[in-house]
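Encoded as structure tokens, the structure appears first; notes follow it.
The values are calculated or read from the model by the stated rules, or taken from the named source; none is laboratory data. All values reported here derive from a predicted model rather than from experimental measurement. Cβ atoms come from the backbone with ideal geometry, glycine included; neighbour counts cover every protein chain shown. With ligands, DNA and RNA removed, areas are computed over all heavy atoms of the protein, side chains included. Shrake-Rupley method; radii C 1.70, N 1.55, O 1.52, S 1.80 Å.
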Amino acid sequence: MQQRQGELKGLVNAILDSYEKYPVIRNIDCGNRINSDTVTEILEMIRRIVFPGYFEMKNLRKDSIEYHVGELLENIEYHLTKQVMMALPHSEKYQHMGHHELAEKALTITHTFLGRIPALRDILATDVQAGYEGDPAAFNTDEVIFSYPGMYAITVNRIAHELYLLGVPLIPRMMTEHAHSQTGIDIHPGASIGEYFFIDHGTGVVIGETTVIGKYVKIYQGVTLGGLSTRGGQMLRGVKRHPTLEDNVTVYSGASILGGETVIGTGAVIGGNAFVTSSVPPHTRVSIKNPELQFKDRSKKAGELGQEGFFNRKEQD
């Protein structure tokens, strides 16, 4: 028993030494620790205001809606202000502020954000419509709101983007990474996205921080809107690294569009699996040449005759 206690004490000391050796991955005696569960709860409360009646535990009635919204806003104001206050010192811009100043700044940011909710609903209404009109499998707009992973990811991104524009550290990225974990869709909160945006299916979509997307854009699963290279690391901070998609662009599954100087012109269509690193003129269709397909006849008859049964699609055509 004594030997085991000695071994345990030695292990504890080794771990404590490791804490001193690598301070970058410890968070001890920190008074500004953000609560990730609370951030997720805030997201859900905002969704309940944006889409009233869809994500409630009970039916909403018109005669109680005013009280319902007021109560939600009070809860969001309290929790978001507290989390923003803890997030601000993570930015050098706010590290000089004292407790009172941080509290005032956090409250101002929260009030500004809450004031943007009506405009947030305006643009999300266009996204819901784009999801319904762009997918013949959609039964109605309720189905888009309730069940489409693309709609969830877009909703969270638009919420996070507003906080990103207000200069809030960490929290916007925590929100979009939560959506990423739920949907497989990775949209950086810094990405600028226009009205009527639709992500069909969505799994594997990646949209980088400095991406700019116009109106009426539709993208499919596995699309990457990324940077050509990140080898510059932090030296690339603030540099336009990701592409611009103008209005009415469609990007099909598996396509990669890379580079900050790459502009996909209005009305262009990028075909599946295309790899684009330079600008595309408006109203242009980009596609890769179909590879030659080889088919092998695996039937019993072919085997008995000793035939390989190979033929290619090109010859059959």
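Could you run through the stretch 171-186 and say how many residues are open to solvent by 40 Å² or more (accessible area, probe 1.4 Å), touching a residue at least 60 places away in the same chain (Cβ under 8 Å) and closer than 20 Å to residue 117 by Cα?
The total comes to 1.
Which is more than 22 Å from the chain's Cα centre (by Cα), at pLDDT 95 or above and not aliphatic (A, V, I, L, M), of 79, 68? Lay out the reasoning, then the answer.
Values: 68 fails: at pLDDT 95 or above.
Selected residue: 79, the only one of 79, 68 that is more than 22 Å from the chain's Cα centre (by Cα), at pLDDT 95 or above and not aliphatic (A, V, I, L, M).
Looking at the structure I just gave you, is residue 155 closer than 24 Å to residue 248 by Cα and in contact with a helix residue (DSSP H, G or I) (Cβ under 7 Å, 6 or more places away or on another chain)?
Numbers: closer than 24 Å to residue 248 by Cα: yes; in contact with a helix residue (DSSP H, G or I) (Cβ under 7 Å, 6 or more places away or on another chain): yes.
So residue 155 fits the description; yes.
Which of the residues spanning the stretch 146-170 are of a type in the set (A, V, I, L, M, F, W, C) and buried (at least 22 other Cβ atoms within 10 Å of the Cβ)? Write out each step before concluding.
Narrowing the stretch 146-170 to residues of a type in the set (A, V, I, L, M, F, W, C): 146, 151, 153-154, 156, 159-160, 163, 165-166, 168, 170.
Scanning the stretch 146-170 gives 151, 153, 154, 156, 159, 160, 163, 168.
Among the residues of the stretch 182-234, how many are within 15 Å of residue 245 (Cα to Cα), of a type in the set (Ser, Thr, Tyr) and part of a loop (DSSP other than H, G, I, E, B)?
4
Looking only at residues that are over 16 Å from residue 155 (Cβ atoms), open to solvent by 60 Å² or more (accessible area, probe 1.4 Å) and modelled with pLDDT of 95 or more in the stretch 108-141, which one is nearest to the chain's Cα centre (by Cα)?
133
Between a first residue in the stretch 55-66 that is exposed (fewer than 11 other Cβ atoms within 10 Å of the Cβ) and a second residue that is small (Gly, Ala, Ser), which pairs have beta carbons less than 9 Å apart while being 6 or more apart in sequence or on different chains?
59/53
Hey, among the residues in the stretch 20-39 that are closer than 30 Å to residue 176 by Cβ and part of a helix (DSSP H, G or I), which one's modelled with the lowest pLDDT? Break it down into steps so the answer makes sense when it comes.
As a first pass, look at the stretch 20-39 and keep what is closer than 30 Å to residue 176 by Cβ: 22-39.
Then keep just the ones that are part of a helix (DSSP H, G or I); that gives 23-25, 36-39.
Numbers: 23: 86, 24: 82, 25: 85, 36: 93, 37: 95, 38: 96, 39: 97.
The extreme case among them is 24.
Give 224, 262 a once-over and let me know the one that is over 26 Å from residue 159 (Cα atoms), out of contact with any Phe, Trp or Tyr (no Cβ under 9 Å at 6 or more places or on another chain), polar (S, T, N, Q) and open to solvent by less than 50 Å² (accessible area, probe 1.4 Å).
Details: 224 fails: over 26 Å from residue 159 (Cα atoms).
Testing whether each residue is over 26 Å from residue 159 (Cα atoms), out of contact with any Phe, Trp or Tyr (no Cβ under 9 Å at 6 or more places or on another chain), polar (S, T, N, Q) and open to solvent by less than 50 Å² (accessible area, probe 1.4 Å) leaves just 262.
Here is a check on your reading of the model: is residue 306 open to solvent by 20 Å² or more (accessible area, probe 1.4 Å), at pLDDT 95 or above and outside any strand (DSSP E or B)? Before you say what the answer is, go through the steps one by one.
On the way: open to solvent by 20 Å² or more (accessible area, probe 1.4 Å): yes; at pLDDT 95 or above: no; outside any strand (DSSP E or B): yes.
Against the criterion (open to solvent by 20 Å² or more (accessible area, probe 1.4 Å), at pLDDT 95 or above and outside any strand (DSSP E or B)), residue 306 does not qualify.
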